[in-house]
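Some notes on the structure that comes next.
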Amino acid sequence: MLETDGVRKAFPGVTALDGVSFSLGTGEVHALVGENGAGKSTLIKVLTGVYRADAGQVRYRGEPVSFASPLDAQRAGIATIYQEVNLVPQMSVARNLFLGREPRGRFGLIDFAAMRERAGEVLRGYGIGSDVRRPLGSLGLGAQQMVALARAIEAHAQVVVMDEPTSSLQPREVDRLFRAIGDLRGQGRSVVYVSHRLEELYRICDRVTVLRDGRLVHTGPLAGLDRLRLISLMLGRDLDAVRSEGLTRFAERARSHAAPLLRATNLSRRHVLDEVSLAVRPGEIVGLGGLLGSGRSETAKAIAGALPLDSGGVSVAGEAVPPGSVGSAIRAGINLLPEDRKAEGIVATLSVRENIALAALPRLSRAGIVSEGDVDRVVDRFMRRLRIKAAGPGQPVGELSGGNQQKVLLARWLAMNPRVLLLDEPTRGIDVGAKAEVQVLIDELAEEGLAVLLISSDLEELVEGSQRVVVLRDGAVVGELSGADVTEEKIMAAIAGTTDD
Ligand code: ADP
Ligand code: MG
């Protein structure tokens, strides 16, 4: 379908592609992998007319081609879906879907009614039920990407190139995307799929090509290719070294490429917060360090819409969250586990069941009616998942141990399918066993792609539990530590203000 032969592309001081011969079959989903800087995006750009190769050839359906621009490639049937959606956010969803191919009526004018009707029909097929007259930019990033994909499919693209398409998608959206990819393959169309998420590659790709330092180091079927071997090919390290370094490190590396899911920008409130900015990627646990009164809980509350701000704002997956409203934050997928769970969370006299279902009720209700069976199922699932120790769902929460109360509160938020979890002292005052369980659970949730902001006065917990730590003092960010710098000493130094920076 599409191939390159000895393609070379250099930028000043770096050879991004060094004689790459890549071949995409018909009706094939082909994974393109490699470490950051390996040349994946450059190869895609050469294939899709963004760059012209310095040497070598690109062939499309057997014929040498040299696309002048991405539009040129698109007209020939090669569509690209980037991580950032490259459509027009101010224009309506319908318009974006048909951009350049609008249905025309008499006198060659755009038939808007027909366009909207057709758009609604097409998008429902992709699980998007929003009003197609809304500006594209008002949709979530995931939905926007689905629109971009629907557009490529509707435009009869023969080749769809996807560069990290799932980094801002929810699990449900990922499923839909994968179904669409399966349909494309079924129709004999081809997909180039760039991703750092190995599970995804194994789920949907037929073959894989590995790039390393601009060279193609491996192409072959994914089935039967051991994960660790794939990683060792990407890293250029021998299998044993990768084995000992483990998958965790790799997963961490993969996470560091994703776009932030939560972004707080210049949160300010007189005498409380001073331009606090931070970002958390999906799958990342970011610690918030600082002394009591440094603004950690206030930052969490501000993000959760529970603290009015003078200025600054919060966005989830690139979409601004309406300020100062807990409801809006919850709808955006932000959930706060408050510090004082007695005062702000748990209702001791209500049962475990009621406490869990409390916030999720609106979501569980159909046309305002909540089925008891649905509630039971949700409660049962989370009691198991969180290993909540109680006599049964009917036991009053006040009778449970502190650790189990904490888990009930966590279950309540998880029942709402959050994307961002703000945990304020999640293990304070609970016994050692429960504490370890909650910590493991937080790790698992991050693994599943949630963005977690962790506040803890326990330095050890902060160091063990977070990939990055943002340090606050007097309501302002005074330091940020990552990687090997996340140590108790460095956090204390930042808190004390004895670091040079
Ligand atoms: P990947 O997508 O695998 O992370 P890229 O194709 O983006 O890798 O980059 C390959 C190499 O080319 C990197 O060293 C990168 O810094 C360099 N590079 C990519 N695009 C440019 C550019 N426009 N100008 C200069 N260097 C670039
Ligand atoms: Mg790239």
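Regarding Ala390, is this residue on the phi < 0 side of the Ramachandran plot, in contact (Cβ under 8 Å) with a residue 24 or more places away in the chain, touching a helix residue (DSSP H, G or I) at 6+ places or on another chain (Cβ under 8 Å) and part of a helix (DSSP H, G or I)? No, not satisfied.
None of Arg101, Arg95, Arg116 is buried (at least 21 other Cβ atoms within 10 Å of the Cβ) and among the charged types (D, E, K, R) except Arg95.
Scoring Val326 on the criteria (1) β-branched (Val, Ile, Thr); (2) outside the structural domain of Leu261 (by TED's automatic domain parsing); (3) at pLDDT below 90 leaves a single failure, condition (2). Screening Ala31 on (1) away from ligand 1 (no atom under 11 Å from the Cβ); (2) part of a helix (DSSP H, G or I) shows it passes everything except condition (2).
Remark: pairs (first residue in region 35-56, closer than 13 Å to Phe11 by Cα and assigned by TED's automatic domain parsing to the domain that holds Leu230; second residue more than 9 Å from ligand 2 (Cβ to nearest atom) and among the acidic types (Asp, Glu); Cβ separation under 6 Å; 6+ apart in sequence or on different chains) are absent.
Residues that are within 23 Å of the chain's Cα centre (by Cα), small (Gly, Ala, Ser) and within 15 Å of ligand 1 (Cβ to nearest atom): does region 146-169 have at least one? Scanning region 146-169 turns up at least one residue that is within 23 Å of the chain's Cα centre (by Cα), small (Gly, Ala, Ser) and within 15 Å of ligand 1 (Cβ to nearest atom).
If you go through region 319-334 and pick out every residue that is under 20 Å from Leu450 (Cβ atoms) and polar (S, T, N, Q), you end up with 1. Listed conditions (1) out of contact with any Phe, Trp or Tyr (no Cβ under 6 Å at 6 or more places or on another chain); (2) modelled with pLDDT of 95 or more; (3) closer than 26 Å to Gly188 by Cα are all met by Leu2, apart from (1).
Scanning region 34-78 for residues that are in a loop (DSSP other than H, G, I, E, B), within 16 Å of ligand 1 (Cβ to nearest atom) and among the hydrophobic types (A, V, I, L, M, F, W, C) yields Ala38, Val50, Ala53.
Looking across region 8-37, the residues that are among the aliphatic types (A, V, I, L, M), within 16 Å of ligand 2 (Cβ to nearest atom) and crowded, with 18+ Cβ neighbours inside 10 Å come down to Ala16, Leu17, Val20, Ala31, Leu32, Val33. When region 38-84 is filtered for residues that are aliphatic (A, V, I, L, M), crowded, with 19+ Cβ neighbours inside 10 Å and within 16 Å of ligand 2 (Cβ to nearest atom), the ones remaining, listed by number, are Ala38, Leu43, Ile44, Val46, Leu47, Ile81. Candidates are the residues of region 277-313 that are of a type in the set (A, V, I, L, M) and without any contact (Cβ under 8 Å) to a residue 40 or more places away in the chain; the one that is farthest from Val477 (Cα to Cα) is Ala306.
Total residues in region 177-200 satisfying the condition of being away from ligand 2 (no atom under 16 Å from the Cβ), part of a strand (DSSP E or B) and of a type in the set (A, V, I, L, M): the figure is 1. Do we find a residue being modelled with pLDDT of 85 or more and of a type in the set (Asp, Glu) anywhere in region 336-351? No: region 336-351 contains no residue that is modelled with pLDDT of 85 or more and of a type in the set (Asp, Glu). Filtering region 24-41 for residues that are in contact with a Leu (Cβ under 8 Å, 6 or more places away or on another chain) and either of a type in the set (S, T, N, Q) or farther than 24 Å from Leu225 by Cβ (or both) leaves an empty set. A residue that is in contact with a helix residue (DSSP H, G or I) (Cβ under 6 Å, 6 or more places away or on another chain) and closer than 16 Å to Ala148 by Cα can be found somewhere in region 68-80.
For region 201-218, which positions are outside any strand (DSSP E or B) and either within 16 Å of ligand 2 (Cβ to nearest atom) or in contact (Cβ under 8 Å) with a residue 60 or more places away in the chain (or both)? Result: Leu201, Ile204, Cys205, Asp206, Asp213, Gly214.
The values are calculated or read from the model by the stated rules, or taken from the named source; none is laboratory data. All figures in this text were calculated on a predicted structure; none of them were measured in a lab. Ideal geometry is used to build each Cβ from the backbone, glycine not excepted, and the neighbour counts take in all protein chains shown.
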